[in-house]
Amino acid sequence: MDAKSLKLSKVFASGGDVHYVLPHFQREYAWEKENWQTLLNDVMGLYEAYTPEKEPEHFMGALVVIQDGMRNGVIPAFKLVDGQQRLTTFSLMLSAFGKNIESSHPAINKRISRLLTNPDESDLLFFKLIPTTKYGDRDAYLALLKGEEFPKGIDSKIPDAYRFFDKEIGNRIKAKTIDPELFFIVLANSLQVVFIDLDQGERPYEIFESLNAKGKPLSQADLVRNYIAMKLPEKRQAAIFNKYWSKIETILQEKRNVGKSSIGELTAFLRHYLTMRNGVLCNRAHVYERFRDRIENETSSTDDFENEIAELKNYAEHYNRLLRPENEPDQEIRARLLRLDILEVSTAYPFLLAVYESYSQKHLSGKEFVEVLEILENYIVRRYLTNDPTNYLNKMFPTLWREINPNKLAESLKKVIITKNYPADTRVRREVLTEQVYDKRIQTSNKIILVLDTVNRFLSVKSGGYTVLDNPPTIEHILPQTPSAEWKAHLGANWEEIYTENLHTFGNLTLVTQEWNSKLSNSSFENKKKLLASHALILNKEYFKQSIAKWDDKAIQDRANFLVDTILEYWSELGTPPVVQKSTGSKPKSLTIMGQLFDVTSWRDVAFYTAQVISELIDDFDTRIAAQMQSYFDRQEYKSACRQLPNGWWIYLNLSAVSVKSMCRNMISLAEISEEDWQLEEE
């Protein structure tokens, strides 16, 4: 390895010939305005500090290259391992500067052109820097240096970067706040890099891992891509990139996040793939390290490595269908995947990747695949209805494939999954009566709609057909979220307690269109009952035809029992779960929130301290928590058994243990706090 400090003019051979090629696996040009502005600020700082006696210096970081022979026998070529973002951005800045002084300072513009091109060469060798083809980067860059217009229909950030420098530098030249001759000297001589030249036999990824250059941080997927580029011989890169990796990046794009997470699709896929292989959920920050370790330990030749990339492509296609079920050609499988997608089962993806591979290899029939998906839906829905913590699934699903018999997949899956904290019928029935399931998040609404729509269709199963809504469904609260004086009188003296305990439970929710939702709104129960009894959905019509004098806690629980009867018939018990001896949980023992231990002696303490931590943690408590949970929070103490939070909001605390736990889980979910960071111990 040879490392030395070079001025950027020297990197571009000081007007001589040189050729930098980006490996096929390098990421696209990813710098954005904040990065461009930082570089420009650095340059302007150097310009203002410049004196002929002592030129200021500014290090931009490292360029890591591998010698790649000679082109045409005379031009040294380098594979650019690290530094493409800085080198590309500097080239765009030079090009924008050159355009703005093209007529006023032609000699300087000629020198700029000589830094960017090899004028005696043709084709790609004419350009000193060759970006990758991703998102149209290469087409945009070459068009710019040829003096042509940028191609249309590309997704490259290169045109935006160039326009930024063109405007910023152009304005300064017009305002005469910079002298072009001095500005060129600063660009050529004051910006420097550490130029690390590696031999072909060295392990460049080890150097790459140790670098922390200024710029846009690399994602875990970027690190994996660069590792692949450095691991493969140059002569195999193009073929493997075109055959496998480019197809992976086309269907799984890092700029799109998976679900509610902040993880890009490609990183999320690699994480779930490694979890499937290793049986342990891979930390999102360590995806690259685990991938590198797998390759170093499991492959011994380039052929082995290529086979691994080919495997990745196959599994990426499975993953794409998990993220976007509409890409699955089989109608029944697609329908089941769409339902699982609503239930947000990304924790099951490592297991589902293995199932999909078995199906693609024809070890599993389409009918068996559908049965497996139905079993998973049954498990997830029942856990959703009982509000079981999702963090358990992060440990359960990675090892599930190893615990079943692939030759009797559905049969063995049923036997295993009922041992995985599977909610029995008695527990589902109990929790549906009291669990507060509704909040205003679209993901929550979609789950409720899925359950209620399934109930409606199943109620019609023997009738030869079923009615559906003529517009998208909305969730209607029969007891309204903002009860009028008439509703309070209807409920009687205990209206507050009835309202708080039952408002967001399944028994009080139904499906209508937005038009009907507005029509029902805050009207009296008598009017709502009359309208719902005439509604097209059997879910509403058949139930509200019966005599119901009052919509109180008993009526709401009666309807919850009606719903749960159908729920337990459709998502019927897969088997009898083993009996687990658990504490009765009659009293809270301790509460730990994000590492802080609270002394709690009652369920009121649990609710209050949870709300207090969240109120101190997030700035938008009003809209993010209080507005979503109106039955628990108010600006004034209008209910008994209230306690005031430090932020001025009052919290209602006359709640049962079940309601407190449900309320707290809703709060931490809305605050986007991990369930692992909210630990409650009960006596």
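On C-alpha positions alone, give me the angle between the axis of helix 425-434 and the longest principal axis of the chain, in degrees, nearest 10.
Between the helix axis and the principal axis of the chain, the angle is about 90 degrees.
Please list the three semi-axes, largest first and in whole Å, of the ellipsoid equivalent to the chain, using sqrt of 5 times the eigenvalues of its alpha carbon gyration tensor.
The equivalent ellipsoid of the chain has semi-axes of 59, 31, 24 Å.
Percent relative contact order of the chain, based on C-alpha pairs within less than 8 angstrom and at least six residues apart?
Numbers: 933 pairs, mean separation 70.2, N = 683.
It comes to 10 percent, rounded to a whole number.
How big is the dipole moment of the range 2-217 about its Cα centre under a simple scheme where the beta carbon of each Lys and Arg is +1, that of each Asp and Glu is -1, and everything else is neutral? Debye, nearest 20, please.
440
Averaging sequence separations of C-alpha pairs under 8 Å and six or more residues apart, then dividing by the length of the range 453-528, give the relative contact order as a whole percent.
For the range 453-528, the relative contact order is 42 percent.
Give me the mean projected area, in nm² to one decimal, of the convex hull enclosing the Cα positions of the range 2-217.
Numbers: hull surface 48.6 nm².
Quarter of the Cα hull surface area: 12.1 nm².
Could you tell me the largest-minus-smallest coordinate of the C-alpha atoms of the range 522-618 on each of the three principal axes, in descending order and whole angstroms?
Sorted largest first, the three principal extents are 53, 41, 24 Å.
If we count every other residue with Cβ under 13 angstrom of A549's Cβ, Lys/Arg +1 and Asp/Glu -1, where does the sum land?
Working: positive: K529, K550, K554; negative: E526, D552, D558.
Around A549, the charge tally is 0.
Amide H of T467 versus every other amide H placed in the peptide plane: which residues, excluding those fewer than 5 positions away on the same chain, fall under 5 Å?
I538
Let me make sure I get this right: for the range 98-187, a, b and c are the square roots of the gyration tensor eigenvalues over alpha carbons, sorted descending. Under 1.5 in a/c it's rounded, otherwise prolate if a/b > b/c, else oblate. Which is it?
Oblate shape, in that a/c is at least 1.5 and b/c is the bigger or equal ratio.
Taking only DSSP H segments of four or more residues, each worth -39500 (n - 2.57), what value at 222 nm results for the chain once the sum is divided by all its residues, to the nearest 500 deg cm²/dmol?
Mean residue ellipticity, 222 nm, calculated: -15000 deg cm²/dmol.
Evaluate the relative contact order of the range 437-570 (contact order divided by residue number), counting alpha-carbon pairs under 8 angstrom at least 6 apart; express in whole percent.
On the way: 148 pairs, mean separation 43.0, N = 134.
Taking the mean separation of contacting Cα pairs over the length of the range 437-570, I get 32 percent.
I need the Kirkwood Rh of the range 231-427: take the reciprocal of the average 1/r across all distinct C-alpha pairs and report it in angstrom.
About 17.7 Å, per the Kirkwood formula over Cα pairs.
Packing-wise, with mean Cβ within 10 Å as the measure, how do 528-536, 93-101, 272-280 rank, highest first?
Working: 528-536: 17.1, 93-101: 21.6, 272-280: 19.6.
Final packing ranking: 93-101, 272-280, 528-536.
Output the peptides 588-600, 607-619 sorted from most to least packed, where packing is the average of other Cβ atoms within 10 Å over each peptide's residues.
Packing proxy ranking, top to bottom: 607-619, 588-600.
Given a Förster distance of 22 angstrom, what is the FRET efficiency for N171 paired with K146, based on the Cβ-Cβ distance and rounded to 0.05?
Efficiency at R0 = 22 Å is approximately 0.30.
Over 20 Å between Cα atoms, which of K589/K661; K367/K395; K99/K167; K7/K157; K10/K79; K54/K110 qualify?
Distance filter (> 20 Å) returns K367/K395; K7/K157; K54/K110.
Using DSSP to call loops (not H, G, I, E or B), can you name the trypsin sites (Lys or Arg not before Pro) in the range 311-374 whose Cβ has at most 13 other Cβ atoms within 10 angstrom?
Filter output for the range 311-374: K362.
Bear in mind that the values in this text are calculations on the coordinates, not laboratory data. Keep in mind it's a predicted model, so treat the numbers as computed, not measured. Please note: Cβ atoms are built from the backbone with ideal geometry, for glycine as well, and neighbour counts cover all protein chains shown.
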